[in-house]
1. Which residue, of VAL216, VAL221, VAL191, is modelled with pLDDT of 95 or more, open to solvent by less than 50 Å² (accessible area, probe 1.4 Å) and over 20 Å from the mean Cα position of the chain (by Cα)?
2. On the given criteria, is ARG245 crowded, with 20+ Cβ neighbours inside 10 Å and either modelled with pLDDT of 95 or more or charged (D, E, K, R) (or both)?
3. Name the residues in the stretch 47-86 that are open to solvent by less than 60 Å² (accessible area, probe 1.4 Å), over 19 Å from LEU26 (Cα atoms) and at pLDDT 90 or above, would you?
4. From the list VAL117, VAL140, exactly one residue is at pLDDT 90 or above, touching a helix residue (DSSP H, G or I) at 6+ places or on another chain (Cβ under 7 Å) and among the aliphatic types (A, V, I, L, M). Which is it?
5. Name the single residue that is nearest to GLY114 (Cα to Cα) among those in the stretch 56-83 being assigned to a loop (DSSP other than H, G, I, E, B) and more than 32 Å from the chain's Cα centre (by Cα).
6. Being among the hydroxyl-bearing types (Ser, Thr, Tyr), closer than 24 Å to ARG197 by Cβ, in a strand (DSSP E or B) and in contact (Cβ under 8 Å) with a residue 60 or more places away in the chain: is that true of TYR89 here?
7. Please go through the stretch 196-212 and pick out each residue that is surrounded by fewer than 20 Cβ atoms within 10 Å (Cβ to Cβ) and under 15 Å from the mean Cα position of the chain (by Cα).
8. Which is open to solvent by less than 50 Å² (accessible area, probe 1.4 Å) and part of a helix (DSSP H, G or I), of LEU121, LEU151, LEU135?
Amino acid sequence: MEQKKEQQYYYTVTAEMEDSRLDKFLAGELREHSRSYIQKLIKEGKVLLNGKTGKASSRLHGEDSVVLTVPPLKELEVLPEKMDLDILYEDNSVIVINKPKDMVVHPCPGRYSGTLVNGLLDHCREQLSGINGVLRPGIVHRIDKDTTGALVVCKTDGAHRSLAEQLKVHSITRRYEAIVYHNFSQEEGTVDAPIGRSPRDRKKMAVEPKNGKRAVTHYRVLNHLNRRYNHIECRLETGRTHQIRVHMASIGHPLLGDEIYGPKHGRRDLEGQCLHARILGFVHPDTGKYMEFEAPLPEYFTKLLDVYGEGR
């Protein structure tokens, strides 16, 4: 649902937040908005510090009163765009897409065109589930902009509810392939570690034992490419944001090309992490039959396998 009315948030500064900047304090309290957006609201006089308009750089003291007013969101028009979609399967209820690199799944601040949703609105003639609103019609799950592979989209609300329930109970099959750093001491294993927003960088996720949600990734080595990289398969039991990337990095095997969770001086010519959603399986919402789809490895991935010693 779109936000129709302005919202106000009231805060009292605790001793732990003493001497924090006003913008940093609010960014930590209201994580659904970016720090730059909060700074914009402060400039517009939407933030009161002890009853007076504050500045982003204002330093806080214990028991200070902060009032933030967030204006109503403007309703955005998401337009259909003609695209050459790689369709793995389609019927009247669902459509399975093989998503390429550098494609955002749905519109978001700063990008309202060129997304998968724009292409789907054209292809499906706007016949998509409306449960997630105008910005995310039909979208029941997502993969990162630089992750390739299989993604299911719902055309009807009934299909959406069915797939959402399957995701909730972890019955959907999701198997990914990745190229990661370093050899494994064991050929397979499980990472069972909660994931949440990083307290040090709100744009990143991290293993957070106290505040994270349970996340489980099963992995196995498909091939030792060389002494530096391994080709692996990951099976998701849960579906947290950046789950595979965070889990693999947490055990010392970050994804090749991952500029956020990988090494600082890793390869910068790969347009993001080497991660591909290869297998997607679910019970069809209409027939009740299990269906499974495979998205072939993209060209960039197979070339890396050839370069590092595994031909396909």
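The values are calculated or read from the model by the stated rules, or taken from the named source; none is laboratory data. All figures in this text were calculated on a predicted structure; none of them were measured in a lab. Note: ideal-geometry Cβ built from the backbone for every residue, glycine included; neighbour counts use all protein chains shown. Each accessible area value is taken on the protein alone, full model and side chains, heavy atoms only, with ligands, DNA and RNA left out. Shrake-Rupley method; radii C 1.70, N 1.55, O 1.52, S 1.80 Å.
1. None of the others qualify; the one that does is VAL221.
2. Criteria met by ARG245.
3. PRO80, GLU81, MET83, LEU85, listed by residue number.
4. The unique qualifying residue is VAL140.
5. Residue satisfying both the conditions and the ranking: SER58.
6. Judged against the criteria, TYR89 is not a match.
7. GLY196, ARG197, SER198, ARG202, LYS203, LYS204
8. The match here is LEU121.
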